[in-house]
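Note sheet for the following structure.
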Amino acid sequence: MNQLFYVIVGWLGLITRAAVLWQLFVFMALVLAYRAWRLRHPAPTTSWSPVFAKLALAALLELFSVLLPVLGLPGGLLALFAQLVLIWTALAALRLLLRLYFPAQEVQAYWMKAVAPLFAVAAMAGLIHRLDGLAIMSEVPVLKLFNEHISFGNLLLMMVLPYFLVVLSDLPVALIGWIAGKLGGLEEGNRKALELIFRYLLIGLGVVWLADRIGLNGTAIAAVAGGLSVGLGFGIKEVFSNFVSGIWLLFEGALKPGEVLLYEGDVCKVNKLGLRAATLLRNNDNAELVVPNQTFFTATTTTYTGTDELRCGFLKVPADYKHDPDEVMALLVDTAKANPLVLADPAPSASIDHLGEYGIDYGLAFWMEDPMKNGKILGDLRYAILKRFKAEGIEIPRPLYPFSAQS
């Protein structure tokens, strides 16, 4: 640890040198000028003008890296900054191109989770290499773990690699799943299960490689893991159960992303089925629910997209006894047919659902393509029926409550 402290103190000495400060000053001045231009010329996320502005910034940095040596000052740091800005510009251009073929939200999410952090790590490594040599810095011992000395480079690797294994494994695993689906004719659920298995296999191999790379003692790790497994056995029982349930549900196809189901009385759409839990999008308030996989594995689930996506909706409408039932049912059917979200085939139908004390309860059955639109269709039909009832003079019965005075 003392050696690391001395290295950091040496860095501070390098940074405070006049030659380095001049380069940092030029870099910050150009970056601030770029930011000021961006504030005065805002552009949409799909515009190419910021890309050209970054190219201009990289060109200016490269120009100053050439001019400073002419004045007797080094320009190596500015050349490095120019390269980093150029790489960042190329990545920004690639992001714009990807948005043409993929959903912008997914591209942005992957950018923030993977591309930007990976670039930051690479930029930091390049800066360290430029200042003091990356190899020298990475060999500095920092701490001792399982009777093994851990260097600064290996410590950073332990902190960074697991994150990138989880984030960056999405793309190769999706490619493997796509190829397996095409060659093997796998269904969506089986393909998703295969992707998850490959992903966690890849992460596991990466962790094993990391342990071997940093030189950890396998016997010591096994002993510690054995001791922890006794204490955590009861705690991870549910995790393992959800893991197995998720794999089984995917292979069986009983629950898959995109499926619409009824959960606790609310219509929900399965956004994601992970190894521990499923993420559901609730229709009535757009909230996301995280439900353990074991819930769907052991309980009865009502699905609207198991064999097809057609769903039958039902609306109960009361009307006074004095009105002709045939006329009321015909009006209900006509109102349903006028709604563009209601299917013409199967056609909507009306019937007498209940003979009440004050009026007749009619039932209107209709079909829709998207089960998630049931709430909107019901709201639109109620409004349209009220308008039609008012126009046709059809009354909705109301019970007569006796007046009671309270002293």
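Quick notes on this one:
- Efficiency of FRET from Cβ geometry, residue 175 and residue 32, R₀ 45 Å, rounded to 0.05: 0.65
- Pair residue 330, residue 97: separation of 7 Å Cα→Cβ label points (nm): 6.4
- Region 255-407, accessible surface, carbon-and-sulfur percent (1.4 angstrom probe): 51
- Annotation: extensible slack from residue 290 through residue 383 equals 30.1 nm (criterion: 0.36 nm per residue apart, minus Cα-Cα distance).
- Listed residues 119, 366 arranged by accessible area, highest first, probe 1.4 Å: 119, 366
- Here region 21-84 exposes an accessible surface that is 76 percent carbon and sulfur, computed with a 1.4 Å probe and the other protein chains kept in place.
- Whole-Hz ³J(HN,Hα) from phi, Karplus 6.51 cos²θ - 1.76 cosθ + 1.60, for region 42-55, glycine and proline x: x, 9, x, 5, 8, 7, 8, 4, x, 5, 5, 5, 5, 4
- Accessible surface, per residue, of region 236-382 when the full set of protein chains is kept, probe 1.4 Å, Å²: 53
- With 21 Å as the limit on Cα-Cα distance, the pairs of 256/337; 256/376; 272/376; 316/337 that go past it are 256/337; 256/376; 272/376.
- For the peptides 56-65, 120-129, the ranking by mean Cβ contacts within 10 Å, running from highest to lowest, is 56-65, 120-129.
The values are calculated or read from the model by the stated rules, or taken from the named source; none is laboratory data. This is a predicted model, so every value here is computed, not measured. Counting neighbours? That spans all protein chains shown, and the Cβs are built from the backbone with ideal geometry, glycine included. Side chains included, ligands, DNA and RNA excluded: accessible areas come from the protein's heavy atoms. Shrake-Rupley method; radii C 1.70, N 1.55, O 1.52, S 1.80 Å.
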